[in-house]
Structures are given as C-alpha cells and as structure tokens.
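J.: My questions will all concern the structure given below.
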Amino acid sequence: MKIVVLGGGVAGVSTAWYLARSGHEVSVIERRSEVADETSYGNAGMLSYGYTSPWAAPGVPFKAIKWAMQDMAPILISSSSFNLRTARWMTKMLGQCTEQAYRINKERMLRISQYSRTCLNELIRQLPLAFDHRAKGTIELFRDQAKMDAIGADLESLKQCGVRHEVIGPADCIQHEPALANVREKFVGGLRFPEDETGDCNRFTAALAEQCRAIGVEFVLDTTVERLNRDSNRIASVHTSRGEVTADAFVVALGSYSSALLNPVGFDLPIYPIKGYSLTLPIVDPARAPQSTVMDESFKVAVTRFDDRIRVGGTAEIAGFDLSLDQKRRKPTEFVIQDLFPGAGDLSRAEFWCGLRPMTPDSVPVVGTTPIANLFTNTGHGTLGWTMSQGSARLLCDVVNGRQTEIDTDGLSIHRYVN
C-alpha cells in the first residue's frame with residue numbers, strides 16, 4: 001500500500017521504518033524542516049522501561065494541592081491558559097486516580113514499554129544508529145525516608161508486572177552512580193531499574209530517518225497537515241499547506257496536535273499538551289557527572305548522561321499550546337543539577353528548551369485502528385514517547401498489515417474513547 005505518516009517525531013519516523021521494511025510505499029509529512037524538531041528534540045533522554053507509571057494515581061489530587069503551594073512544584077497550572085478544554089481533561093484525569101484504574105493503566109503502559117525495549121535492542125543490533133546510547137539503569141533517588149518507606153504499593157505493582165527492580169541503600173546508589181558520593185548527605189536511598197536505558201531521542205530519530213530514506217521512505221518537510229478529507233468510512237486524502245495528498249492508508253502521529261486533526265472527522269480524542277522543560281549542558285568534569293539517569297523523587301527532575309552532555313528534564317506545566325520559554329521554570333532543573341551533581345556541567349552554556357507532551361487522561365497511548373477503515377493512530381504517549389516509540393511503531397505495523405501482534409492490543413486504541 002501507499003501509506004502516509006503524519007508527523008516526523010520519533011513516533012512517526014519509527015512507524016515509517018517498520019511499515020517500509022514490511023514492503024509499503026511510505027511518506028512522512030512534517031511541518032518542520034528537520035525530523036524530531038519538536039517534542040522529540042529535548043526530552044529527558046530516559047528509556048524508562050521499568051520507571052513507567054500513569055500520572056493519574058491514588059493520592060495525586062492531594063499531592064497536586066500541596067504542589068500548588070511549593071516554590072519548585074513539579075506540576076504547575078497556568079491560569080492564563082485555563083479553559084473549558086483544560087478543565088474537561090483534568091476532570092477525566094482525576095477520574096483515573098483510583099486503585100483499579102491505576103493498576104489497569106500501568107499494566108497497559110508496561111506492556112508497551114517492555115515490548116519497546118526488546119524492539120529497540122533488536123533495531124540497534126541491525127542498524128548503525130549513533131545516539132549516545134547507554135544501558136546502565138535508572139535510580140529514583142529519595143531524599144526523604146518516609147517517602148521511601150511508602151513505596152510498598154509500587155513495589156507490589158512492579159512485581160506483578162514482572163519489572164526488575166532493586167531497593168538500594170546509599171552505598172549501592174553510590175556504587176552505581178559514583179558522583180553521588182559528593183552529596184552523600186542529600187539522600188537516603190533509591191529504587192533502581194537495572195533494565196532502563198538512556199539516549200538522545202533527537203539524534204536517534206535523525207539517524208533512523210536516514211535509514212528510512214535508504215529504503216525508499218519519502219520525507220515531505222516544511223509541510224503543514226491541515227485537515228483529513230473523509231469520504232464515508234475512508235480517508236480520501238489529507239489537505240496540506242502544499243495541496244492534497246492521497247494514499248491507501250494514513251497514520252496520525254502528530255503528538256499533541258492529533259486531537260485537532262481527528263476531531264473534525266468524528267473523534268473527540270482527549271490528548272492534552274503538557275509543557276515540559278529541559279536543560280542540556282556540556283560536561284566539564286566527567287567524574288562529577290551521572291553515569292546514567294538519576295530521577296530526583298522530590299522534585300520529579302531527571303538528570304541523564306549523554307556522552308559529553310547532561311540533559312536535565314522536569315516540570316510539567318498545564319499551559320495549553322503555549323511554547324514560550326518561561327525563565328522561572330529553569331529553577332527546578334538548575335537546582336537539582338547543582339544540588340546532586342555540583343561542578344559536573346557548565347550551566348552558563350546550557351540550552352534551555354520546552355516541548356509539549358501529548359498526554360491522555362489515563363497516560364496510555366492511542367495506538368492502533370480507528371472506526372475509519374484506513375485511518376490509524378500512534379500518538380498520546382505523554383512523557384514516554386521515546387520509551388514506547390519502537391514497541392508502538394512495531395505494534396502498529398502489525399495492525400496495519402493485519403498480522404497477529406506480539407503483545408495484547410486490549411485497551412490501547414482509540415476505541416476506548418469512541419463507541
């Protein structure tokens with residue numbers, strides 16, 4: 001078939017790769033002049049196969065009230081961007097904050113994350129992809145003993161889902177992350193995910209796009225997707241800033257912008273753009289830098305090692321589609337890198353970035369078929385688009401091809417939102 005993938009982030013490019021490898025004629029339409037130039041550009045760099053959890057969890061509403069009173073809150077709500085759509089999405093998310101919903105959603109997310117690890121490792125054995133890849137695990141670092149003592153429910157959930165994890169004390173934290181010896185008094189222990197990995201999503205996507213081109217994928221850049229043209233139970237074409245594009249099938253991989261495209265053809269998809277920030281700074285003292293990822297549990301800030309850089313990602317801002325760089329939002333990321341890894345990087349040369357994470361109320365992505373016969377989706381991955389990218393793309397390829405999928409697709413497609 002001729003298949004058009006809408007969106008050139010990591011989800012779209014990965015989808016194009018698997019579809020082209022299975023024999024289809026594939027085009028990718030992307031509004032920027034390069035692939036992975038928006039949300040895939042400056043994310044935290046974590047491949048969080050074990051550190052995968054829904055935002056909506058028991059106790060989150062009370063935590064949100066407390067966070068609203070903190071100077072460096074991990075989640076912020078912009079009053080200027082608050083509207084009916086924001087309120088509806090937040091209401092739906094709060095409705096998922098039950099024990100039962102949390103267990104269901106976490107299992108669905110882990111199903112894709114664990115599969116994605118297998119898919120990525122197979123891919124990097126096949127292709128020469130340079131993206132600062134490391135496979136040294138993640139440590140969720142606890143500053144407070146009471147919070148560490150309260151992770152029993154999470155540990156049970158991880159055990160039930162078969163996720164490898166280790167509760168470790170300060171000495172073991174330092175064994176895995178030697179630079180933490182410089183701040184031994186700042187933490188009480190950690191939860192380690194030994195199978196988690198790290199890598200630069202932007203570099204990965206650019207490298208994979210080159211491999212896509214080598215097998216015939218066409219990239220139509222600097223082209224905005226404007227609307228889908230529906231003819232009965234099929235999409236006849238997509239209208240772009242350069243005119244009409246026809247195909248046998250279409251895949252929506254537009255992240256936070258997917259809802260606006262799908263709504264006119266009959267689907268009210270509840271994906272909301274959650275604004276995230278990051279700093280990327282050059283390493284000046286490798287001995288003081290992390291070896292992999294350290295997630296500061298108190299501030300929900302991740303510090304990730306690339307080869308010669310450090311990526312510090314954190315803060316979630318509910319601010320609609322506002323992409324302005326609010327300098328006040330640097331504070332949590334700057335504090336954590338200076339507090340846990342002082343002297344590791346040069347903050348004066350840090351690149352400050354923000355992007356929109358496409359969040360569903362249940363944190364589960366929207367991958368698979370739609371009620372329209374030739375329309376598919378691979379979107380809504382929230383903060384885990386990089387983590388879930390390969391599993392989602394390979395899963396979608398099997399769905400498009402009508403093949404038996406390697407993991408259960410229950411609860412993953414848009415059908416959970418439409419009748």
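The values are calculated or read from the model by the stated rules, or taken from the named source; none is laboratory data. Quick caveat: nothing in here was measured; it's all calculated off a predicted structure. All Cβ positions, glycine included, derive from the backbone under ideal geometry; neighbour counts span all protein chains shown. Please note that ligands, DNA and RNA were not included when accessible areas were found on the heavy atoms of the full protein model with its side chains. Shrake-Rupley method; radii C 1.70, N 1.55, O 1.52, S 1.80 Å.
J.: Which number in (1) over 17 Å from Glu30 (Cβ atoms); (2) in contact with a Pro (Cβ under 8 Å, 6 or more places away or on another chain); (3) surrounded by 13 or more Cβ atoms within 10 Å (Cβ to Cβ) marks the one condition that Leu228 misses?
T.: (1)
J.: If you don't mind, another one. So for segment 119-133 (the condition being at pLDDT below 95, open to solvent by 20 Å² or more (accessible area, probe 1.4 Å) and among the polar types (S, T, N, Q)), does at least one residue qualify?
T.: There is no residue in segment 119-133 that is at pLDDT below 95, open to solvent by 20 Å² or more (accessible area, probe 1.4 Å) and among the polar types (S, T, N, Q).
J.: If you don't mind, there's one more thing I want to ask. May I ask you to list the residues in segment 1-58 that are under 30 Å from Thr333 (Cβ atoms), hydrophobic (A, V, I, L, M, F, W, C) and open to solvent by less than 40 Å² (accessible area, probe 1.4 Å)? Full working, then the answer.
T.: If we filter segment 1-58 for residues that are under 30 Å from Thr333 (Cβ atoms), which is where we start, we get 7-14, 30-58.
Retained after the next criterion (residues that are hydrophobic (A, V, I, L, M, F, W, C)): 10-11, 13, 35-36, 44, 46-47, 55-57.
Within segment 1-58, Val10, Ala11, Val13, Val35, Ala36, Ala44, Met46, Leu47, Ala56, Ala57 meet the criteria.
J.: From the list Ala302, Ala287, which residue is at negative phi, exposed (fewer than 14 other Cβ atoms within 10 Å of the Cβ) and in contact (Cβ under 8 Å) with a residue 60 or more places away in the chain? Lay out the reasoning, then the answer.
T.: Details: Ala302 fails: exposed (fewer than 14 other Cβ atoms within 10 Å of the Cβ).
Step by step, each of Ala302, Ala287 is checked, and only Ala287 is at negative phi, exposed (fewer than 14 other Cβ atoms within 10 Å of the Cβ) and in contact (Cβ under 8 Å) with a residue 60 or more places away in the chain.
J.: Just one of Ala260, Ala214, Ala206, Ala287 is of a type in the set (A, V, I, L, M, F, W, C), more than 22 Å from Gly7 (Cβ to Cβ) and out of contact with any strand residue (DSSP E or B) (no Cβ under 8 Å at 6 or more places or on another chain); which is it?
T.: On the way: Ala260 fails: more than 22 Å from Gly7 (Cβ to Cβ); Ala214 fails: more than 22 Å from Gly7 (Cβ to Cβ); Ala206 fails: more than 22 Å from Gly7 (Cβ to Cβ).
Result of the check over Ala260, Ala214, Ala206, Ala287: Ala287.
J.: Separate question: Filtering segment 134-156 down to residues that are over 18 Å from the mean Cα position of the chain (by Cα) and among the basic types (Lys, Arg), which residue is least open to solvent (accessible area, probe 1.4 Å)?
T.: For segment 134-156, the residue satisfying everything is Arg143.
J.: Counting only residues that are closer than 27 Å to Ala209 by Cβ and either assigned to a helix (DSSP H, G or I) or basic (Lys, Arg) (or both), how many does segment 116-167 have?
T.: 13
J.: Looking at Leu208, Leu269, Leu281, which is the one that is assigned to a strand (DSSP E or B), open to solvent by less than 10 Å² (accessible area, probe 1.4 Å), in contact with a helix residue (DSSP H, G or I) (Cβ under 7 Å, 6 or more places away or on another chain) and modelled with pLDDT of 95 or more?
T.: Leu281
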